[in-house]
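Have a look at the structure below, then the notes.
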Amino acid sequence: MEKPSKIIIDTDPGQDDAAAILLALASPEELDVLGLTIVAGNVPLSYTSRNARIVCELAGRSDVAVYEGALKPLERPQVTAEHVHGKTGLDGAVLPEPTMPVQPLHAVDFIIETLRHEEPGTVTICTLGPLTNLALALKKAPDIAPRIKELVMMGGGFFEGGNITPAAEFNIYVDPQAADIVFRSGMPITMLPLDVTHQLLTTKARVARIAALGTDVSRAMVGWLEFFERFDEEKYGSDGGPLHDPSVIAYLLKPELFSGRHCNVEIETQSELTVGMTVVDWWRVSGRKANANVMRNVDAGGFFDLLIDRLGRL
Ligand code: RIB
Ligand code: CA
């Protein structure tokens with residue numbers, strides 16, 4: 001039996017982040033969650049910090065170390081997404097306020113100290129929100145870049161376009177400068193863009209399978225999904241909405257569910273029309289060096305089988 005992979009989850013919960021955190025915590029044989037680092041994104045930091053701890057306590061894991069990070073993006077004004085996630089970011093289920101603590105160390109320092117302490121090439125960073133914390137860590141401690149085993153990130157889009165603007169996906173749009181720093185860092189990157197997550201729809205049949213688990217976790221998840229998907233069902237006219245963030249954890253657990261290719265990705269940071277766009281050279285026409293393993297296809301049935309099986313363990 002291989003030892004579990006050491007991961008840090010950087011997150012802005014959000015209902016889909018919650019599903020990703022639960023999937024990771026339900027997989028202790030494969031994943032050793034060293035800590036959750038929190039960033040402002042879907043909702044302000046006070047709510048994303050609260051929400052991360054609500055999710056840990058729901059999973060019976062008040063022992064998880066939670067570290068608060070960036071309050072706002074590096075340069076651009078803060079953008080949040082209450083219109084999608086609700087005022088709290090976890091609308092759809094009513095759960096007790098968290099009692100577990102936030103760690104005193106800042107998230108950026110936790111990332112730096114963990115990467116300097118652990119063996120090089122043994123810690124995977126999973127980002128589910130804007131890349132502000134990771135970019136700040138790289139600026140403060142450039143020596144950590146070669147120590148990161150891999151960044152697996154939900155963000156961006158190419159043939160699928162954007163979701164917060166016609167060109168940009170939310171996580172990148174909120175902090176394009178941070179994304180630019182990360183994509184130029186040279187660290188191994190696997191990117192789960194909208195092109196993948198828009199194939200992962202929370203259809204009524206899939207939500208019913210989660211409900212059938214009949215647990216506190218499944219009841220909360222159903223409430224969150226039914227709230228969270230309404231915005232995208234309206235926008236896309238689909239049965240269910242895309243479940244973005246758990247794709248990052250599913251990739252770590254079952255990479256064979258996904259396929260894509262190594263190509264160049266650059267971030268638009270200047271044009272007001274397309275700021276936050278991930279310019280993905282899928283057809284390799286630019287001659288620019290490949291810097292990311294960009295996923296494009298996913299076995300959606302296999303993904304939901306994995307997610308529902310693991311949620312059933314909590
Ligand atoms: O665009 C989708 C991403 O933005 C997801 O991570 C969602 O949680 C929001 O952060
Ligand atoms: Ca997120």
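Computed values, structure above
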| quantity | calculated |
| --- | --- |
| Given (1) among the aliphatic types (A, V, I, L, M); (2) under 19 Å from the mean Cα position of the chain (by Cα); (3) part of a helix (DSSP H, G or I), index of the condition Val217 fails | (2) |
| Single match in Leu105, Leu192 (criterion: buried (at least 18 other Cβ atoms within 10 Å of the Cβ) and either within 16 Å of ligand 1 (Cβ to nearest atom) or among the aliphatic types (A, V, I, L, M) (or both)) | Leu192 |
| Residue in region 15-32 that is aliphatic (A, V, I, L, M), crowded, with 19+ Cβ neighbours inside 10 Å and either over 24 Å from Leu200 (Cβ atoms) or over 17 Å from the mean Cα position of the chain (by Cα) (or both) present | no |
| Sole residue being acidic (Asp, Glu) and not in a loop (DSSP other than H, G, I, E, B), chosen from Glu119, Glu113, Glu160, Glu97 | Glu113 |
| Pair list, Cβ < 8 Å and 6+ apart or interchain, from region 279-290 residues that are farther than 23 Å from Pro166 by Cα to residues that are basic (Lys, Arg) | Ala290/Arg284 |
| Odd one out for Glu2, checked against (1) at pLDDT 95 or above; (2) closer than 27 Å to Arg116 by Cα | (1) |
| Within region 122-146, considering residues that are more than 16 Å from ligand 2 (Cβ to nearest atom) and not in a helix (DSSP H, G or I), the one nearest to Asn291 (Cα to Cα) | Thr124 |
| Condition check for Leu74: modelled with pLDDT of 95 or more, away from ligand 2 (no atom under 16 Å from the Cβ) and more than 18 Å from Arg313 (Cα to Cα) | yes |
| Filtered residues of region 227-265 (kept if among the small types (Gly, Ala, Ser) and either in contact with a Phe, Trp or Tyr (Cβ under 6 Å, 6 or more places away or on another chain) or surrounded by 19 or more Cβ atoms within 10 Å (Cβ to Cβ) (or both)) | Gly240, Gly241, Ser247, Ala250, Gly260 |
| Total residues in region 76-87, condition among the β-branched types (Val, Ile, Thr) and more than 16 Å from Ala19 (Cα to Cα) | 2 |
| Hey, Gly162 at positive phi, at pLDDT 95 or above and within 16 Å of ligand 1 (Cβ to nearest atom) or not | no |
| Verdict on Asp91 being surrounded by 17 or more Cβ atoms within 10 Å (Cβ to Cβ), over 17 Å from the mean Cα position of the chain (by Cα), of a type in the set (D, E, K, R) and within 16 Å of ligand 1 (Cβ to nearest atom) | yes |
| Region 229-267 - residue that is acidic (Asp, Glu) and assigned to a helix (DSSP H, G or I) and, of those, modelled with the highest pLDDT | Glu256 |
| Filter pass, Leu273 being farther than 14 Å from Asp195 by Cα and surrounded by 15 or more Cβ atoms within 10 Å (Cβ to Cβ) | no |
| Answer from Lys289, Lys235 - the residue that is farther than 18 Å from Asp195 by Cα and out of contact with any Leu (no Cβ under 8 Å at 6 or more places or on another chain) | Lys289 |
| Matching residues, region 191-214, being part of a loop (DSSP other than H, G, I, E, B) and of a type outside the set (Val, Ile, Thr) | Pro193, His198, Gln199, Leu200, Ala212, Leu213, Gly214 |
| Selected residue [closer than 15 Å to His244 by Cα and without any contact (Cβ under 8 Å) to a residue 40 or more places away in the chain] from Thr190, Thr197, Thr203 | Thr203 |
| Output for region 3-34, where each listed residue is outside any helix (DSSP H, G or I), more than 13 Å from ligand 2 (Cβ to nearest atom) and touching a residue at least 40 places away in the same chain (Cβ under 8 Å) | Ser5, Lys6, Ile7, Ile8, Ala26, Ser27, Glu30, Leu31, Leu34 |
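The values are calculated or read from the model by the stated rules, or taken from the named source; none is laboratory data. What you are looking at is a predicted structure, and each value in this text was computed from that prediction instead of being measured. Reconstructed Cβ throughout: ideal geometry from the backbone, glycine too, with neighbour counts over all protein chains shown.
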